Amino acid sequence: MSKLDIVTAYMAARWRSATLHGPQLSAWQHRRGVALVNSVRRASSFYRELWAGLPDDDWRTFPTVDKQAMMAAFDRFTTTGITREMAMLVALDAEQRRDFSATIDGHTVGLSSGTSGHRGLFLVSPQEQTRWAGTILARAIPDLRPGHRVAFFLRANSRLYERTSSAVQFRFFDLMEPLAAVIAALNDFRPRLIVGPPSLLGQLVDAIAQGTLRVHPTRLISVAEVLEPHDRTRIEAAFQAPVGEVYQCTEGLVAVTCARGSLHVQEDVLVLQTEPLVTADGSRVTPVLTDLWRYTQPIIRYRLGDVLRLEPGRCVCGSTWRRIAAIEGRQDDLCWFAQSNGALRVVFPDALRRMVLLATDGIVEYRIEQHAPSALHLQIDVEVGQDFDAVARQLRATIRAELLQYDCSDVALTIEQGVPSRQPGVKRRRVVCTWRTMEPMPMAGGQ
């Protein structure tokens, strides 16, 4: 693949972001959607059966699919003839050897990290890789200039992240590597942009404080985990550089932070439809994605399972593309508490995180687990010199008072000192719900 291909993709992405707005964007999305559905219908027996009797023009109302359906029918879902067994063998071998250069018929193969508990396979063609690289360069690196160096921190590398041009040098940093080795490599590479999970960026902040990390990026980008406001503030203060976000998953590129700090849906890449979640004000939604460019592994009316809050109104940057106010986590991690009328009320991860942060300044790290309805188990690390028992009492009082406002009074709450360390490469999840029920639940409005 030539560098000119990436330059062409870069310029095309710049043109689309400047041109596709309002009715022109809607018409363009519809044309691309119809053309994509027509092609996929012929090549994927899974989708052909799913859409039997449905006209291409109605693609926005087609039945939804999800990761479970995709993985169960992988051989018929994709359009390449590459089977799940073939792809899984290559992906697992790459994971074990930490060598991610292998492809199948030129297609990049990879595994998702499995935040939801279900790992997913992805296939990307060379053309799709080029378009992704050009779009990322156009959106995530607005001050692109010759010699720009980008450090990617990922659990697993992919040829998807190694597309380079004369202007940009990408380097993959393995999250499985010891932190000391990573810091030494960063000091040698001197990146202008660092891309990584907020938990890793927090470790780099600690390294700056200790005097071991000596790099001066002009920008940082958070990926893969929820970026909480207090984490953003801490990282920006340490690096004296802004922190943006790239919201990307196995299913595609969803949103990128603009120069004014808003997280914009990439509406020239995908169509974002939403389904409302159970909330009193309807502010939370789960996304349904249609990637307008993915043909190898079609993502059409794909329910993602994340919890989002959308930002109303137009951004001051001038773009009319919709904005995401917050990525709050996954639907799997909604927590449930009984109210006085017997109904179960959902409480969103973001609300629980705010309860912890509002309780006291003495907490430096935490994890919230719900193993049964109306019960929470918290693990916390406190500031040096802070009294754990005092912090725990304040935290317990704050959570009970906040939940009482939602008419949730009978809560079993335990607080333990010490947050267990994660295995290298495992995503940080500060709110985890392991409780599941197969019975229908009476539900009240959530928060």
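The values are calculated or read from the model by the stated rules, or taken from the named source; none is laboratory data. Given the structure is predicted, the values throughout are model-derived calculations rather than measurements. Don't worry about glycine lacking a Cβ; one is built from the backbone with ideal geometry, like all the others, and counts go over all protein chains shown. Each accessible area value is taken on the protein alone, full model and side chains, heavy atoms only, with ligands, DNA and RNA left out. Shrake-Rupley method; radii C 1.70, N 1.55, O 1.52, S 1.80 Å.
Can you confirm whether GLU402 is of a type in the set (Asp, Glu) and open to solvent by 70 Å² or more (accessible area, probe 1.4 Å)? So GLU402 fails the test.
Any residue that is under 23 Å from ILE141 (Cβ atoms), of a type in the set (Gly, Ala, Ser) and in contact with a helix residue (DSSP H, G or I) (Cβ under 9 Å, 6 or more places away or on another chain) - is there at least one of those in segment 15-35? For segment 15-35, residues under 23 Å from ILE141 (Cβ atoms), of a type in the set (Gly, Ala, Ser) and in contact with a helix residue (DSSP H, G or I) (Cβ under 9 Å, 6 or more places away or on another chain): present. Selection of segment 1-27 for residues being open to solvent by 70 Å² or more (accessible area, probe 1.4 Å) and under 25 Å from ARG322 (Cβ atoms) yields MET11, ARG14, TRP15, ALA18, PRO23, GLN24. Scoring ARG393 on the criteria (1) open to solvent by less than 50 Å² (accessible area, probe 1.4 Å); (2) at pLDDT 90 or above leaves a single failure, condition (1). Applying the condition of being open to solvent by 50 Å² or more (accessible area, probe 1.4 Å), without any contact (Cβ under 8 Å) to a residue 40 or more places away in the chain and assigned to a loop (DSSP other than H, G, I, E, B) to segment 217-255 and asking which residue is farthest from ARG322 (Cα to Cα) yields GLN240. Screening segment 301-349 for strands (runs of 3 or more DSSP E) wholly inside it with 3 or more residues that are open to solvent by less than 20 Å² (accessible area, probe 1.4 Å) and touching a residue at least 40 places away in the same chain (Cβ under 8 Å) returns the ranges 323-330.
Does ARG354 satisfy being under 26 Å from the mean Cα position of the chain (by Cα) and within 18 Å of CYS335 (Cα to Cα)? Spelling it out, ARG354 is indeed under 26 Å from the mean Cα position of the chain (by Cα) and within 18 Å of CYS335 (Cα to Cα). Do you know which of the residues in segment 21-42 that are free of Cβ contacts under 8 Å to residues at least 40 places away in the same chain and among the small types (Gly, Ala, Ser) is nearest to ILE299 (Cα to Cα)? For segment 21-42, the residue satisfying everything is ALA35. Just a yes or no: is a residue in segment 314-329 modelled with pLDDT under 85 and under 22 Å from the mean Cα position of the chain (by Cα)? Checked segment 314-329: at least one residue is modelled with pLDDT under 85 and under 22 Å from the mean Cα position of the chain (by Cα).
Would you call GLY446 modelled with pLDDT under 90 and surrounded by 15 or more Cβ atoms within 10 Å (Cβ to Cβ)? Considered against the rule, which asks whether it is modelled with pLDDT under 90 and surrounded by 15 or more Cβ atoms within 10 Å (Cβ to Cβ), GLY446 comes out as yes. Within segment 350-365, restricting attention to residues that are modelled with pLDDT of 85 or more and of a type in the set (Val, Ile, Thr), the residue that is surrounded by the fewest Cβ atoms within 10 Å (Cβ to Cβ) is VAL364. The residue that is surrounded by the fewest Cβ atoms within 10 Å (Cβ to Cβ), counting only those in segment 190-216 that are in contact with a Ser or Thr (Cβ under 9 Å, 6 or more places away or on another chain), farther than 20 Å from ARG367 by Cα and among the hydrophobic types (A, V, I, L, M, F, W, C), is LEU193.
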